[in-house]
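Reading through the structure tokens given below for one structure.
The values are calculated or read from the model by the stated rules, or taken from the named source; none is laboratory data. Only a predicted model underlies this, so the values are computations on that prediction, with no experimental measurement involved. Note that we place each Cβ from the backbone using ideal geometry, even for glycine, and neighbour counts take in every protein chain shown. We work out accessible area using only protein heavy atoms, side chains counted, and drop any ligands, DNA or RNA first. Shrake-Rupley method; radii C 1.70, N 1.55, O 1.52, S 1.80 Å.
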Amino acid sequence: AWAPDVRFWLVAMQLQADYQLRANSHFRHLSEMIETVVRSFATTARPTDRLVFKLHPHDNGRERWDRVIDHLAAELGLADRLRLIDGGDLGRLLERASGVVVVNSTVGLHALRASKPLAVLGTAVYDMPGLTHQGSLDAFWTSPEPPDPDLVDAFVRLLAATIQVKGDFYDPAGRRAAAAEIVDRVLGDRVNEPGALMPEPPRLAAFANEERRQAPRGGGRER
């Protein structure tokens, strides 16, 4: 077991079937993301640092991420520095973590609100100067760029006023609240307003330079 004061970084896993992975990142399989992160960590992170991969709460276990991570740990001599966890309190993990890595998970927003440095490997609405780490992944482990709290607050308020509604897919009361707000915005002609509608998705321009901050990635799909 790791000591209570060990310094660790958190990687938020997404689902392999997540549309955001396929449409808004250059990864076609999460094993590619795992390999990118682990190889960068092995090369440039402090020798005493640890790396924690947190499974998505709805991961069904059909993809053997433990095997992918164990294989890389054995190859790179990181057996005592990598962990894959299933469950755990996200809030407490964020409180303890030195920083967070995502493809484009909504965990990124939680990390920003917790004032944690955030490295984004795909295309995400919150990936911008002042919010996320804009340097390379290699540099993230030793010189992470923290979010500007005032900008985080303004950004969250902007999302709430334009493209987001309060609700919860997994809770009946949350679904009712979201449905009522969505209907109200549609009937009031307030969808993606004011000024949030973009006729051409910004990710198209981003993909032209999609690897500007990525370490070389492997193509293996170990399962």
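Put simply, when 64-72, 174-182 are sorted by average Cβ atoms within 10 angstrom per residue, most first, you get 64-72, 174-182. Measure nothing fancy, just the Cα-based angle from helix 65-76's long axis to the longest principal axis of the chain, in degrees from 0 to 90, nearest 10. For 65-76 against the chain, the angle is about 40 degrees. Computed from backbone phi, the HN-Hα couplings of the stretch 166-172 come to 6, x, 8, 4, 9, 9, x Hz, rounded to whole numbers (Karplus: 6.51 cos²θ - 1.76 cosθ + 1.60, θ = phi - 60°; Gly and Pro given as x). Comparing D18, D148, D171 in a Gaussian network model of the chain (Cα springs below 10 Å), the most mobile by mean-square fluctuation is D171. Taking V101, V37, V183 as the candidate residues, the one with maximal mean-square fluctuation in a Gaussian network model of the chain, Cα springs under 10 Å, is V183.
The calculated FRET efficiency for the pair D66 and A17, based on their C-beta separation and a Förster distance of 22 Å, comes to about 0.75. For the stretch 1-60, the solvent-accessible area works out to 42 Å² per residue, with a probe of 1.4 Å and every protein chain left in place. Each label point was placed 7 Å from the Cα along the Cα-to-Cβ direction; for R157 and A180 their separation is 2.5 nm.
Estimated purely from DSSP H runs of n ≥ 4, each contributing -39500 (n - 2.57), the mean residue ellipticity at 222 nm for the chain is -11000 deg cm²/dmol once divided by its residues. Converting the Cα gyration tensor eigenvalues of the chain into ellipsoid dimensions via √(5λ) gives semi-axes, longest first, of 31, 19, 18 Å. At 4 °C and 1.567 mPa s, grab the translational diffusion coefficient of the stretch 43-114 from Stokes-Einstein with a Kirkwood Rh over Cα pairs, rounded to a whole number in µm² per second. Translational diffusion coefficient: 95 µm²/s.
If the viscosity is 1.567 mPa s and the temperature 4 °C, what translational diffusion coefficient in µm²/s does Stokes-Einstein give for the stretch 97-182 when Rh comes from Kirkwood over Cα pairs?
The diffusion coefficient I find is 93 µm²/s.
With the simple model of a label 7 Å out from the Cα in the direction of the Cβ, R46 to L76 spans 1.8 nm. Placing a label point 7 Å from the Cα of V6 along the Cα-to-Cβ direction, the residues of the stretch 69-89 whose backbone N falls under 13 Å of that point are 78-85.
Using a 1.4 Å probe on the protein chains only, how many percent of the accessible area of the chain belongs to carbon and sulfur? So the carbon and sulfur contribution to the accessible surface is 53 percent. Label positions at A173 and L187, each projected 7 Å from the Cα along the C-beta direction, are separated by 2.3 nm. Amide H contacts for W141 (H built 1.01 Å from N in the peptide plane; partners 5 or more residues away or on another chain; cut-off under 5 Å): none found. Most fluctuating residue of P146, P117, P47 in a GNM of the chain with Cα springs under 10 Å: which is it? Result for the chain, Cα springs under 10 Å: P47 fluctuates most.
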